[in-house]
Amino acid sequence: MQKVIALLVIVAVSSSLQSPVETESQTEMQLEGQQSELKSAAEAVPQPNFVIPFFTANWHKSVEYCNYLGLRLVVIDSKEKEASLYAAIMDSDIYSNGSNLVWVGASDLADEGSFHWHATGKRVVYSNWADRQPDNGEQIEHCVEAGLHEYHRLSMKWQWNDRDCKANRYFVCEEY
Ligand SMILES: *[C@@H]1O[C@H](CO)[C@@H](O)[C@H](O)[C@H]1NC(C)=O
């Protein structure tokens, strides 16, 4: 899946770099077709509406509080949605206050090793785990946090990790 998206991004970028005076080869026409498909797919997906409360809570309280607002703890089912989630975090009070880690709505509480989205009951298919995660550290890590994690000991990368559900984290609710 990531490879497909990476390819589509390359296709989109390379298409946009094409000079209009070039004669269209068949390959170029195919590229343009794929680009417009990508564009219409992006238009068809409504922009998610996130709410990021400015306090921390354990994972269960986060679920409860989102529900209380008539929302749900965020479900990340695509690379695109994950990117908009991180953009929302970077635009939030929690980020201005030096934080980037948030609870998202997946856990393997019901079935160790098998992560599911709480709000939909669907298995986690798209995922973006950090290096060597999920590791169920000390056998107590069952809830998923997303944020900046160490990447190949060199830099930080926006990824997922499993964490003790009782830990306090900021969290992200979404409309659905
Ligand atoms: C902002 O960050 C400080 C330092 O980490 C923390 O003590 C404080 O609780 C944070 N404020 C809110 C509203 O979360």
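A few comments on the model shown:
- The residues listed here are R163, R132, R123; of these, the one that is within 24 Å of Y65 (Cβ to Cβ), under 19 Å from the mean Cα position of the chain (by Cα) and either loosely packed, with under 13 Cβ neighbours inside 10 Å or among the basic types (K, R) (or both) is R163.
- Within the stretch 135-156, if we keep just the residues that are at negative phi, at pLDDT 95 or above and not in a loop (DSSP other than H, G, I, E, B), the residue that is surrounded by the fewest Cβ atoms within 10 Å (Cβ to Cβ) turns out to be G137.
- Where a residue in the stretch 139-152 is in contact (Cβ under 8 Å) with a residue 60 or more places away in the chain and its partner, wherever it lies, is outside any loop (DSSP other than H, G, I, E, B) and of a type in the set (V, I, T), with Cβ under 7 Å and at least six apart: A146/V102; A146/V104
- One residue stands out among those in the stretch 85-134 that are in contact with a strand residue (DSSP E or B) (Cβ under 6 Å, 6 or more places away or on another chain) and among the aromatic types (F, W, Y): the one that is farthest from E175 (Cα to Cα), which is W129.
- Where a residue in the stretch 54-66 is more than 16 Å from L109 (Cβ to Cβ) and in contact (Cβ under 8 Å) with a residue 40 or more places away in the chain and its partner, wherever it lies, is within 16 Å of the ligand (Cβ to nearest atom) and in a loop (DSSP other than H, G, I, E, B), with Cβ under 6 Å and at least six apart: T56/N168
- One residue stands out among those in the stretch 62-84 that are closer than 15 Å to C143 by Cβ and not charged (D, E, K, R): the one that is surrounded by the fewest Cβ atoms within 10 Å (Cβ to Cβ), which is Y65.
- Only residues that are outside any helix (DSSP H, G or I), more than 16 Å from the ligand (Cβ to nearest atom) and of a type in the set (G, A, S) were counted in the stretch 46-84, giving 2.
- When the stretch 161-176 is filtered for residues that are more than 16 Å from the ligand (Cβ to nearest atom) and touching an Asp or Glu at 6+ places or on another chain (Cβ under 7 Å), the ones remaining, listed by number, are N161, D162, R163, D164.
- Those residues of the stretch 92-110 which are within 16 Å of the ligand (Cβ to nearest atom) and either in a loop (DSSP other than H, G, I, E, B) or touching a residue at least 60 places away in the same chain (Cβ under 8 Å) (or both), in sequence order: S92, I94, N97, G98, S99, N100, L101, V102, W103
- Failed criterion for Y126 (all others in (1) assigned to a loop (DSSP other than H, G, I, E, B); (2) out of contact with any Ser or Thr (no Cβ under 7 Å at 6 or more places or on another chain); (3) under 25 Å from Y176 (Cα atoms) hold): (2)
The values are calculated or read from the model by the stated rules, or taken from the named source; none is laboratory data. Source: prediction; values computed, not measured. As a convention, Cβ positions derive from the backbone with ideal geometry for all residues, glycine included, and neighbour counts pool all protein chains shown.
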